[in-house]
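The values are calculated or read from the model by the stated rules, or taken from the named source; none is laboratory data. No experiment lies behind these values; they were computed from the predicted model shown. So basically every Cβ, Gly included, is an ideal-geometry build from the backbone, and we count neighbours across all protein chains shown.
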Number of protein chains: 2
Amino acid sequence: MSNNVLTYIHENRENHLNELIEFLRIPSISALSDHKGDVRKAAEWAVQSLEKAGLTTVELMETPGHPVVYGEWSSADNTHTILVYGHYDVQPVDPVELWDSPPFEPVIHDEKLFARGASDDKGQTFMHIKAVEALLKVNGKLPFNVKFLIEGEEEIGSPSLDAFVADNKELLAADVLLISDTPMLGKGRPAVCTGLRGMCSLQVDVKGAKGDLHSGLYGGAVQNSIHALVQLLDTLRDENGRIQVEGFYDNVIEPTAEERESYKNLGDYETELKDELGVRELFGEKGYTAREHTWIRPTLEVNGIYGGFQGEGVKTVIPSEAHAKITCRLVPGQDPDQISEFIEKHLEAHTPPGVTVTTKRFDKGKPFLAPTDHPAFKTAADSYEKVYGEPALFTRMGGSIPVVETFDQVLNIPILLMGFGLPSENFHAPNEHFHLENYDKGIETLITYWETVTFD
Amino acid sequence: MSNNVLTYIHENRENHLNELIEFLRIPSISALSDHKGDVRKAAEWAVQSLEKAGLTTVELMETPGHPVVYGEWSSADNTHTILVYGHYDVQPVDPVELWDSPPFEPVIHDEKLFARGASDDKGQTFMHIKAVEALLKVNGKLPFNVKFLIEGEEEIGSPSLDAFVADNKELLAADVLLISDTPMLGKGRPAVCTGLRGMCSLQVDVKGAKGDLHSGLYGGAVQNSIHALVQLLDTLRDENGRIQVEGFYDNVIEPTAEERESYKNLGDYETELKDELGVRELFGEKGYTAREHTWIRPTLEVNGIYGGFQGEGVKTVIPSEAHAKITCRLVPGQDPDQISEFIEKHLEAHTPPGVTVTTKRFDKGKPFLAPTDHPAFKTAADSYEKVYGEPALFTRMGGSIPVVETFDQVLNIPILLMGFGLPSENFHAPNEHFHLENYDKGIETLITYWETVTFD
């Protein structure tokens, strides 16, 4: 890394942290309508911060919800563009009595910055702004064009983002998208998240007799909707945890042997997980580790079940109806609509006698798989290594990040999830904080990335 | 039947019906504390009615709840005693707007007496009083001693009766117990109910991880409590409806081939049942008819199930807990405690990995099987035949009648369930009524019974 850029960062560290603290003081809780003004204030703050960094086109763009902040610096000399995504909104702070210091009065303790949004995602977004600022101030230019898209609705599921990205596809065109909103594996263990699971979801409704029946007068002669539902759901999974829906695994893109080997090298996860969950034994599809269960294998989970009597004691009723909620986590290669269809077919084929079964589909999302052979990924790992002394591990996450799916579908460019938070930093919980070690090293890593990345 | 007794009944028909109407005017709803005074008024009415019938010892006996009315007539000449049980309390009347005439303003339409309690059980209890009155008035004596036990808490589950019967075992000693509180099979088809199912009940609680989990972050690596519950419950029954709990059927007393043959002669029940329940097909244990499923076969039903998310849409949660309520209907030979134990053992043996399963027992009751070879039963069938031109069918009921279990356990005498109501008479529902045809024939049947029964 050029010494001058690093010097700029070091000399301005205190000023920059004070700026971040100012940003964190704004209670930009997107979920609460009372905070609508604060959310806008945070957007305006981000506009000023991008302008201060030296971006030439900075704009607060309206959406049906909270505004998007857009910033750009470009030069005719540059042939490639880096797009940076972040968000300036934060989670609610309840239960506020569990915070050791007020969530919007940032404090630094033990080299950790405590405040709502410190890590998720004001702190990490701010690092990108300061990395670009340092490069522009010291060099007067950037080696690539930059575009910033900082939204204010991430914590409420980005309801305006799909339309915004689709409507502004040209404006957002770039060669790579950088997002810092995922955790590292642990202290000193940087990670690039290269895969996310998708989702499909449905409700299963079982209907038997036209009303609830007296179990004495009718019991034994008529199908019980709960029994039928239980029998039906039990056909979905075998005793080894493998999903029995025909076609379910057909299109799964298996990770390479090398990728699976790299997961093994991350060390034991089972013991930690058992402790964390308070269970004596884990349970998952035979032939895979716990990390693989959550990262590279699809699931089918019953998230809710209900029918009949739920009060104290017992009631001798044969329930007319029984219901279940199902979601699948899908891995690369699986299509949410196709999997939903397979499940519906399975349920139809296995419907027990004496009941009718109907289904209703809900939310869905496609899985994400990063093109890890693209040079932008190797540079990321190398940049981390130069700063942390450890190459970034290419990991995955079992959850979904809806914005990643949106960008992946609409922009169709490599998405690089370079996070600097730690899993222990209480995102969405009381006492959210950000380790300044990763604030400092993160900015250096980003500057290194800007200085070394290639696109061909 | 002696002509004089019959003449007494015929000549006094209008007076008796007016008396019954007076009885029915009292809104003795035992479930509603506002009606406590009315319940007592009905008890006092029953006392007067027994006194008027010529019983010599009549007493209103206090209990912790509503009083019991006791009446007795005995003679040193008699060696046997008939005990009659009935109840003077009635069900609530909601929804009252569905009644065509006010529930406590009895009216006669088309030879049917409409009022709450007309059939269940004031009308049927009154018939016993009038049969005894006719015999006493005309003959000056009865061929057997008689005891009446008329309670006021049947519609709320007879909470005081167990203790009352146990405390008054000597007082209630008798050779046979007559109860008229069960329906005939249909118009002109008298029936003696010779068997009732017992019950045992339990709750099953499944616990996995210490809290609900995010299905993205953990899904696939940890047991899902709902899946585990579903898998566990599905082991309880096979696809043919046969219960898979070891020992479940071991002690079932199979009905005789003759008894099963007699059920076949009752005619088709399946078509009627499908229509009534609104299902395209019935479902029950292979090898038995629908009537047998509900009368002579034990069941295991899941009456309620719950766990995880039950709201609108979906929530990607792996629930920590899942619960089910189970009741069994038991047939003669099965012991509720033993069956509960068998089920608990089965659940323990089939507990899926990664969860703990606990159970809690609730209400239970023993099955009832009448000693149909006792001469008191043959006389009942013959008495019905003399009046109706049809012998009473020996049938069973799939439900339980808690008072029958109490009498069976404590008094240990034959219990004869000689009902005169029709299944269509809306017990517990709006527009309850009683067919006067069965009121008239019923009194004649009871008098015939008194005049012909033998005990040896």
Item to check | segment A:51-67 residues that are under 19 Å from A:Ala31 (Cβ atoms), paired with ones that are outside any strand (DSSP E or B) and small (Gly, Ala, Ser) (beta carbon under 6 Å, 6 or more apart) | outcome: A:Thr63/A:Ser160; A:Pro64/A:Ser160; A:Gly65/A:Ser160; A:His66/A:Ser30; A:His66/A:Gly152; A:Pro67/A:Ala43
Checklist entry - Looking at segment B:382-410, which of its residues are within 14 Å of B:Thr452 (Cβ to Cβ) and crowded, with 19+ Cβ neighbours inside 10 Å? => result B:Ser383, B:Tyr384, B:Val387, B:Ala392
Checklist entry - Any idea which of (1) farther than 12 Å from A:Ser201 by Cα; (2) of a type outside the set (Asp, Glu); (3) crowded, with 20+ Cβ neighbours inside 10 Å is the one A:Lys345 doesn't satisfy? => result (3)
Next on the checklist: Condition (residue is hydrophobic (A, V, I, L, M, F, W, C) and farther than 30 Å from A:Ala174 by Cα) applied to segment A:15-29: is it met by at least one residue?
Outcome noted: yes
Checklist entry - Only one of these conditions is not met by A:Pro95: (1) farther than 25 Å from A:Leu172 by Cβ; (2) surrounded by fewer than 18 Cβ atoms within 10 Å (Cβ to Cβ); (3) touching a strand residue (DSSP E or B) at 6+ places or on another chain (Cβ under 9 Å). Which number is it? => result (3)
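Residue check: is A:Thr316 in contact with a Ser or Thr (Cβ under 8 Å, 6 or more places away or on another chain), facing chain B (nearest Cβ under 9 Å) and among the polar types (S, T, N, Q)?
yes
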Checklist entry - If we keep just the residues of segment A:203-220 that are in a strand (DSSP E or B) and buried (at least 21 other Cβ atoms within 10 Å of the Cβ), which is modelled with the lowest pLDDT? => result A:Leu213
Checklist entry - Does at least one position in segment A:267-277 carry a residue that is in contact with a Leu (Cβ under 7 Å, 6 or more places away or on another chain) and acidic (Asp, Glu)? => result yes
Next on the checklist: So B:Asn426 passes all but one of these: (1) modelled with pLDDT of 95 or more; (2) within 27 Å of B:Glu276 (Cβ to Cβ); (3) in a loop (DSSP other than H, G, I, E, B). Which condition number does it fail?
Outcome noted: (1)
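Looking at A:Thr327, is it outside the structural domain of A:Gly308 (by TED's automatic domain parsing) and of a type in the set (Ser, Thr, Tyr)? Break it down stepwise before answering.
Details: outside the structural domain of A:Gly308 (by TED's automatic domain parsing): no; of a type in the set (Ser, Thr, Tyr): yes.
Against the criterion (outside the structural domain of A:Gly308 (by TED's automatic domain parsing) and of a type in the set (Ser, Thr, Tyr)), A:Thr327 does not qualify.
How many residues does segment A:80-111 contain that are in a loop (DSSP other than H, G, I, E, B) and modelled with pLDDT of 95 or more?
As a first pass, look at segment A:80-111 and keep what is in a loop (DSSP other than H, G, I, E, B): A:80, A:88-89, A:91-95, A:99-106, A:110-111.
Retained after the next criterion (residues that are modelled with pLDDT of 95 or more): A:80, A:88-89, A:99-106, A:110-111.
Qualifying residue count, segment A:80-111: 13.
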Item to check | Filter result (assigned to a helix (DSSP H, G or I) and either basic (Lys, Arg) or surrounded by 18 or more Cβ atoms within 10 Å (Cβ to Cβ) (or both)) within segment B:252-288 | outcome: B:Glu259, B:Arg260, B:Tyr263, B:Lys264, B:Leu273, B:Lys274, B:Leu277
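Among the candidates B:Phe368, B:Phe377, B:Phe342, single out the residue that is aromatic (Phe, Trp, Tyr) and either within 12 Å of chain A (Cβ to nearest Cβ) or in contact with a helix residue (DSSP H, G or I) (Cβ under 7 Å, 6 or more places away or on another chain) (or both).
Values: B:Phe377 fails: either within 12 Å of chain A (Cβ to nearest Cβ) or in contact with a helix residue (DSSP H, G or I) (Cβ under 7 Å, 6 or more places away or on another chain) (or both); B:Phe342 fails: either within 12 Å of chain A (Cβ to nearest Cβ) or in contact with a helix residue (DSSP H, G or I) (Cβ under 7 Å, 6 or more places away or on another chain) (or both).
Only one candidate qualifies: B:Phe368.
Okay, residues lined up against (1) touching a Lys or Arg at 6+ places or on another chain (Cβ under 7 Å); (2) not small (Gly, Ala, Ser):
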| position | (1), (2) |
| --- | --- |
| A:Leu217 | no, yes |
| A:Gly247 | no, no |
| A:Tyr263 | yes, yes |
| A:Gly267 | no, no |
| A:Thr271 | no, yes |
| A:Glu276 | no, yes |
Next on the checklist: Can you tell me which of (1) within 14 Å of chain B (Cβ to nearest Cβ); (2) touching a helix residue (DSSP H, G or I) at 6+ places or on another chain (Cβ under 9 Å) is the one A:Gln223 doesn't meet?
Outcome noted: (2)
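Within segment A:41-92, how many residues are surrounded by fewer than 22 Cβ atoms within 10 Å (Cβ to Cβ) and out of contact with any His (no Cβ under 7 Å at 6 or more places or on another chain)?
Within segment A:41-92, the first condition is being surrounded by fewer than 22 Cβ atoms within 10 Å (Cβ to Cβ), and the residues that meet it are A:41, A:44-45, A:47-48, A:51-52, A:54, A:56-65, A:72, A:74-81, A:91-92.
Then drop every residue that is not out of contact with any His (no Cβ under 7 Å at 6 or more places or on another chain), which leaves A:41, A:44-45, A:47-48, A:51-52, A:54, A:56-65, A:72, A:74-81, A:92.
Within segment A:41-92, residues that are surrounded by fewer than 22 Cβ atoms within 10 Å (Cβ to Cβ) and out of contact with any His (no Cβ under 7 Å at 6 or more places or on another chain) number 28.
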Item to check | Residue pairs meeting the criteria (Cβ under 9 Å; at least 6 apart or on separate chains; first more than 9 Å from every other protein chain (Cβ to nearest Cβ), in segment B:351-362; second among the polar types (S, T, N, Q)) | outcome: B:Val357/B:Thr351; B:Thr358/B:Gln203; B:Thr359/B:Gln203; B:Thr359/B:Ser340; B:Lys360/B:Gln203; B:Arg361/B:Ser201; B:Arg361/B:Gln203; B:Arg361/B:Ser340
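Conditions tested, residue by residue: (1) among the aliphatic types (A, V, I, L, M); (2) over 20 Å from A:Thr351 (Cβ atoms).
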{"site": "B:Val230", "(1), (2)": "yes, no"}
{"site": "B:Arg237", "(1), (2)": "no, no"}
{"site": "B:Ala257", "(1), (2)": "yes, yes"}
{"site": "B:Tyr263", "(1), (2)": "no, yes"}
{"site": "B:Glu276", "(1), (2)": "no, yes"}
Item to check | Sole exception among (1) crowded, with 22+ Cβ neighbours inside 10 Å; (2) small (Gly, Ala, Ser); (3) in contact with a Pro (Cβ under 8 Å, 6 or more places away or on another chain) for B:Gly354, by number | outcome: (3)
Checklist entry - Which of the residues that make up segment B:129-162 are modelled with pLDDT of 95 or more, within 25 Å of B:Pro430 (Cα to Cα) and not charged (D, E, K, R)? => result B:Ile150, B:Gly152
Checklist entry - Which ones in segment B:312-334 are of a type in the set (Asp, Glu) and either modelled with pLDDT of 95 or more or in a strand (DSSP E or B) (or both)? => result B:Glu321
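Go through A:Leu142, A:Leu135 for me and flag whichever is in a helix (DSSP H, G or I), closer than 15 Å to A:Leu446 by Cβ and out of contact with any Asp or Glu (no Cβ under 7 Å at 6 or more places or on another chain).
On the way: A:Leu142 fails: in a helix (DSSP H, G or I).
Going through A:Leu142, A:Leu135 in turn, the sole match is A:Leu135.
Among what's in segment B:252-279 and is within 8 Å of chain A (Cβ to nearest Cβ) and on the phi < 0 side of the Ramachandran plot, pick the residue that is farthest from the chain's Cα centre (by Cα). First the steps, then the outcome.
Going residue by residue through segment B:252-279, those that are within 8 Å of chain A (Cβ to nearest Cβ) are B:273, B:277-279.
Imposing the further condition that a residue be on the phi < 0 side of the Ramachandran plot reduces the set to B:273, B:277, B:279.
Details: B:Leu273: 20, B:Leu277: 21, B:Val279: 26 Å.
Top of the filtered list is B:Val279.
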Checklist entry - Based on what the data block shows, is B:Asp337 surrounded by fewer than 16 Cβ atoms within 10 Å (Cβ to Cβ) and at pLDDT below 95? => result no
Next on the checklist: Need pairs with beta-carbon distance below 7 Å; first residue more than 7 Å from chain A (Cβ to nearest Cβ) and part of a helix (DSSP H, G or I) and within segment B:226-251, second surrounded by fewer than 14 Cβ atoms within 10 Å (Cβ to Cβ) and of a type outside the set (Phe, Trp, Tyr); sequence gap 6+ or separate chains.
Outcome noted: none
Next on the checklist: I'd like the full set of residues that are over 14 Å from A:Val90 (Cα atoms) and in a loop (DSSP other than H, G, I, E, B), limited to segment A:22-66.
Outcome noted: A:Gly54, A:Leu55, A:Thr56, A:Glu62, A:Thr63, A:Pro64, A:Gly65
Checklist entry - Can you pull out the residues in segment B:390-441 that are under 15 Å from the mean Cα position of the chain (by Cα) and among the β-branched types (Val, Ile, Thr)? => result B:Thr395, B:Ile401, B:Val403, B:Val404, B:Thr406, B:Ile415
Checklist entry - So how many residues does segment B:181-190 have that are crowded, with 20+ Cβ neighbours inside 10 Å and either at pLDDT 95 or above or more than 19 Å from the chain's Cα centre (by Cα) (or both)? => result 1
